[in-house]
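Data first, discussion second: the structure below is written as structure tokens.
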Amino acid sequence: MTADTSTRHPVTTTPPPALPWILMYHSVADPDHDPYGITVSRDRLDLQLGLLRRRGLTGVAVGTLLRAHAEGRGRARGLVGLTFDDGYTDFVDAALPVLRRHGCTATLFVLPGRPGGSNEWDPEGPRRPLLTKDGIRSAAAAGMEIGSHGLLHRDLTGLDEDTLRQETCGSRELLREITGTAPAGFCYPYGTVDARVAGAVREAGYAYGCAIRPGALADLHTLPRTHISQADRAVRLSVKRLRHSVERHVMERRLR
């Protein structure tokens with residue numbers, strides 16, 4: 001029998017101050033062998049951030065972006081959220097210097113249950129090393145926001161209550177131990193989320209959560225994001241920005 005979780009994880013939503021544009025990156029490395037389309041080269045990241053700057057946009061961490069929106073859309077004009085999932089070592093080695101060159105910050109979603117490990121959840125590879133605890137601290141010291149991606153990169157919608165609590169509350173406490181600060185943000189592995197899981201993230205104390213395309217669930221704890229790949233240059237970025245704008249208006253009307 002399945003336990004009634006309605007009182008443990010309320011499914012009420014928290015309307016965000018807005019549904020801002022948030023970009024989703026993963027690895028910054030050689031994209032030649034990239035079966036999942038999640039890798040951009042260092043030069044392509046440099047090009048993409050440069051294109052954003054020429055359009056009057058500066059990449060910032062999600063926490064910074066949401067605070068600006070909460071203060072009024074005038075404060076948030078010219079900002080776009082940057083996120084990097086999984087916490088690969090190439091974030092410090094390759095992405096961070098490019099971010100600094102363009103005056104950007106970002107949110108790095110890491111897996112505190114796999115420090116110094118690799119992306120074993122990707123059956124087709126290639127294997128990429130994950131940041132150690134010292135690497136996570138280095139990213140934080142460089143001014144990047146550190147968020148939780150859960151403990152082990154599992155689909156949270158299929159977990160029992162105790163395991164889900166470990167992935168949400170447990171990962172938050174581990175990151176508090178590593179960085180000295182409890183993370184404000186959570187990112188759902190694979191972008192997979194339902195009302196129960198979003199409720200667990202809210203209950204764990206996170207201020208916001210990042211999904212990919214949450215549909216009717218979209219709120220402050222299930223923020224939509226735009227996937228960015230090696231193929232994205234000027235035209236594709238413009239199209240993706242326009243698509244987000246259209247989808248944002250639809251979702252915000254529904255949330256009112």
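Taken over the stretch 167-177, residues that are open to solvent by 10 Å² or more (accessible area, probe 1.4 Å) and within 19 Å of the chain's Cα centre (by Cα) amount to 6. The number of residues in the stretch 194-212 being under 17 Å from Val80 (Cα atoms) and open to solvent by 10 Å² or more (accessible area, probe 1.4 Å) comes to 1. Report, by residue number, each residue of the stretch 208-242 that is over 14 Å from the mean Cα position of the chain (by Cα), in a loop (DSSP other than H, G, I, E, B) and either of a type in the set (Lys, Arg) or under 25 Å from Arg54 (Cβ atoms) (or both). Of everything in the stretch 208-242, those that are over 14 Å from the mean Cα position of the chain (by Cα), in a loop (DSSP other than H, G, I, E, B) and either of a type in the set (Lys, Arg) or under 25 Å from Arg54 (Cβ atoms) (or both) turn out to be Ser229, Gln230, Ala231, Asp232, Arg233. Of the residues Ala207, Ala200, Ala184, Ala218, the single one that is farther than 19 Å from Val60 by Cα and either at pLDDT 95 or above or aromatic (Phe, Trp, Tyr) (or both) is Ala200.
Out of the residues in the stretch 67-106 that are among the acidic types (Asp, Glu) and open to solvent by 10 Å² or more (accessible area, probe 1.4 Å), state the one that is modelled with the lowest pLDDT.
Here the residue is Glu71.
Scanning the stretch 224-246 for residues that are open to solvent by 50 Å² or more (accessible area, probe 1.4 Å), charged (D, E, K, R) and without any contact (Cβ under 8 Å) to a residue 24 or more places away in the chain yields a count of 2. Can you tell me which residue is farthest from Cys210 (Cα to Cα) among those in the stretch 146-166 that are surrounded by fewer than 23 Cβ atoms within 10 Å (Cβ to Cβ) and touching a residue at least 60 places away in the same chain (Cβ under 8 Å)? Step by step, filter the stretch 146-166, then rank; the result is Glu161. Is the stretch 111-123 home to any residue that is touching a residue at least 60 places away in the same chain (Cβ under 8 Å), open to solvent by less than 10 Å² (accessible area, probe 1.4 Å) and among the small types (Gly, Ala, Ser)? Taking every residue of the stretch 111-123 in turn, none turns out to be touching a residue at least 60 places away in the same chain (Cβ under 8 Å), open to solvent by less than 10 Å² (accessible area, probe 1.4 Å) and among the small types (Gly, Ala, Ser). Given the criteria within 13 Å of the chain's Cα centre (by Cα) and surrounded by fewer than 19 Cβ atoms within 10 Å (Cβ to Cβ), does Gly191 qualify? Yes; evaluated as a whole, the condition is true for this residue.
The values are calculated or read from the model by the stated rules, or taken from the named source; none is laboratory data. Note that the structure is a prediction, hence the values are computed from the model and not measured. Heads up, the Cβs are rebuilt from the backbone with ideal geometry, glycines too, and the neighbour counts pull from every protein chain shown. To get the accessible areas, we keep the full protein, side chains included, count just its heavy atoms, and leave off ligands, DNA and RNA. Shrake-Rupley method; radii C 1.70, N 1.55, O 1.52, S 1.80 Å.
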